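**Q** Below are the structure tokens for one structure; questions will follow.
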Amino acid sequence: MAAQSVLSVEGLHAGYGKTQIVDDVSFELSAGSVLGVLGRNGVGKTTTLKAMMGHLPHTGSVRLDGVDLSRLKAHERAAAGLAYVPQGRRIFASLSVEDNMRIAVPRARRSAWQSELEQMYDQFPILAEKRRQAGGQLSGGQQQILALGRALVARPKVILLDEPSEGIQPSIVEQIGQAVGTLCADRKIAFVLVEQNLGFATSVCDTVVLVDKGSIVMQTQPRIIAEDRELQLQYLGV
Ligand SMILES: Nc1ncnc2c1ncn2[C@@H]1O[C@H](COP(=O)(O)OP(=O)(O)OP(=O)(O)O)[C@@H](O)[C@H]1O
Ligand SMILES: [Mg+2]
């Protein structure tokens, strides 16, 4: 029901120049839940997240806790409580782990920075241990945890997470999955999780949407897709 949704996307269209990619995407997300976005390479998953975050022009609406973000810039959407962990992580290699997080805190939330940081270090001790090391010295999995930590210190209501399992060793994928579960349960943070790793998505998501050619073709429970080879072949290519 719309009244309970923390995030509501309606009729989203976006693309690059004259090339339309995202075609009429709509979904609702409730607090403390995980929506998986699954689909083959190049179907528009990342473009959908970029548009929601305000990194690309779009039409249609993105509402967070009832507030329309559609006309806001990316940093204003971040200040409103939307966070984005980009595909490939994009951490700053030459900045320390702690500085990578420090620069991500919106001005409006800076007074709460220390307590956010401590809470985050409690959750991810590896980041506390490496706080003074350069981001570039971390392993791929540790960088992914840093990217998630960087999103968390801004105290988001919703995190857009783009293929966190890509190129990461299984033990850290599992750690990320557990962290997502804890953040949902304890802090009622909601996630939009783009994934190609079906096993991971199945274990973490409450609901999934299948995307093809920029549109949602199906919304269902993860186990329905996990059990259906034909759907997997048609929409995931696995
Ligand atoms: N900056 C860009 N300029 C022009 N076209 C782009 C740009 N970025 C992506 N595209 C195109 O938009 C389409 C969707 O790309 P997008 O990155 O959203 O796919 P994706 O579903 O995230 O794929 P993947 O699973 O490989 O990450 C692709 O055809 C891609 O080539
Ligand atoms: Mg992508």
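The values are calculated or read from the model by the stated rules, or taken from the named source; none is laboratory data. What you see is a predicted model; the values in this text were computed from it and never measured. FYI the Cβ positions are ideal-geometry reconstructions off the backbone, even for glycines, and counts take in every protein chain you see. When the accessible area is computed, the model is the full protein with side chains, heavy atoms only, and any ligands, DNA or RNA have been set aside. Shrake-Rupley method; radii C 1.70, N 1.55, O 1.52, S 1.80 Å.
Okay, residues lined up against (1) touching a Phe, Trp or Tyr at 6+ places or on another chain (Cβ under 7 Å); (2) basic (Lys, Arg); (3) modelled with pLDDT under 95; (4) open to solvent by less than 10 Å² (accessible area, probe 1.4 Å):
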| site | (1), (2), (3), (4) |
| --- | --- |
| ARG110 | no, yes, yes, no |
| GLN114 | no, no, yes, no |
| GLU118 | no, no, yes, no |
| ALA128 | yes, no, no, no |
| GLY140 | no, no, yes, no |
| LEU160 | yes, no, no, yes |
| GLU163 | no, no, no, no |
| GLN169 | no, no, yes, no |
| GLY199 | no, no, yes, no |
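**Q** Another question about this same structure. Against the definition (of a type in the set (A, V, I, L, M, F, W, C), over 19 Å from the mean Cα position of the chain (by Cα) and either within 16 Å of ligand 2 (Cβ to nearest atom) or more than 24 Å from ASP206 (Cα to Cα) (or both)), how does LEU160 come out, yes or no?
**A** no
**Q** Can you tell me which residue within the stretch 203-223, out of those that are assigned to a strand (DSSP E or B) and among the hydroxyl-bearing types (Ser, Thr, Tyr), is nearest to ligand 2 (Cβ to nearest atom)? So that I can check it myself, show each step before the final result.
**A** We begin by selecting, within the stretch 203-223, every residue assigned to a strand (DSSP E or B); these are 207-212, 215-220.
Cutting the leftovers down to among the hydroxyl-bearing types (Ser, Thr, Tyr) gives us 207, 215, 220.
Numbers: THR207: 20, SER215: 16, THR220: 21 Å.
That would be SER215.
**Q** Name the pairs whose Cβ atoms lie under 8 Å apart, with the first residue in the stretch 162-181 and on the phi < 0 side of the Ramachandran plot and within 16 Å of ligand 1 (Cβ to nearest atom), the second at pLDDT 95 or above and acidic (Asp, Glu), and 6 or more positions between them or separate chains?
**A** Pairs that qualify, where the first residue is on the phi < 0 side of the Ramachandran plot and within 16 Å of ligand 1 (Cβ to nearest atom) and the partner is at pLDDT 95 or above and acidic (Asp, Glu), are PRO164/GLU195; SER165/GLU195.
**Q** Please report, ordered by residue number, the helices (runs of 4 or more DSSP H) entirely within the stretch 81-165 with at least 3 residues that are under 21 Å from GLY32 (Cβ atoms) and in contact with a strand residue (DSSP E or B) (Cβ under 9 Å, 6 or more places away or on another chain).
**A** Values: elements: 97-102, 113-123, 125-129, 140-152.
It comes to 140-152.
**Q** Would you be able to tell me the number of residues in the stretch 163-190 that are of a type outside the set (Val, Ile, Thr) and within 16 Å of ligand 2 (Cβ to nearest atom)?
**A** Of the residues in that region, 5 qualify.
**Q** Restricting attention to strands (runs of 3 or more DSSP E) lying wholly within the stretch 5-69, give those where 2 or more residues are at pLDDT 95 or above, on the phi > 0 side of the Ramachandran plot and open to solvent by 60 Å² or more (accessible area, probe 1.4 Å). Steps first, answer last, please.
**A** On the way: elements: 5-16, 19-30, 34-38, 58-64.
In the stretch 5-69, no matching strands (runs of 3 or more DSSP E) lie anywhere.
**Q** If I filter the stretch 215-238 for residues that are closer than 17 Å to GLU116 by Cα, charged (D, E, K, R) and either touching a residue at least 40 places away in the same chain (Cβ under 8 Å) or touching a Ser or Thr at 6+ places or on another chain (Cβ under 8 Å) (or both), do I get at least one hit?
**A** No - not one qualifying residue is present in the stretch 215-238.
**Q** Still on this structure: Is it true that some residue in the stretch 205-224 is of a type in the set (Gly, Ala, Ser), in contact with a strand residue (DSSP E or B) (Cβ under 7 Å, 6 or more places away or on another chain) and open to solvent by 10 Å² or more (accessible area, probe 1.4 Å)?
**A** yes
**Q** Same structure again: I'd like the residue in the stretch 70-80 that is touching a Leu at 6+ places or on another chain (Cβ under 8 Å) and either assigned to a loop (DSSP other than H, G, I, E, B) or not basic (Lys, Arg) (or both) and, out of all such residues, is most open to solvent (accessible area, probe 1.4 Å).
**A** The selected residue is GLU76.
**Q** Does the stretch 165-172 contain at least one residue that is aliphatic (A, V, I, L, M) and under 25 Å from ASP122 (Cα atoms)?
**A** Step one: filter the stretch 165-172 for residues aliphatic (A, V, I, L, M), giving 168, 172.
Pick out the ones that are also under 25 Å from ASP122 (Cα atoms) and you get 168, 172.
Yes, that holds for at least one residue.
**Q** Could you list, in sequence order, the residues of the stretch 81-95 that are more than 16 Å from ligand 2 (Cβ to nearest atom) and either in contact (Cβ under 8 Å) with a residue 60 or more places away in the chain or crowded, with 18+ Cβ neighbours inside 10 Å (or both)?
**A** First pass over the stretch 81-95, keeping only residues more than 16 Å from ligand 2 (Cβ to nearest atom): 81-83, 91-95.
Scanning the stretch 81-95 gives GLY81, LEU82, ALA83, ILE91.
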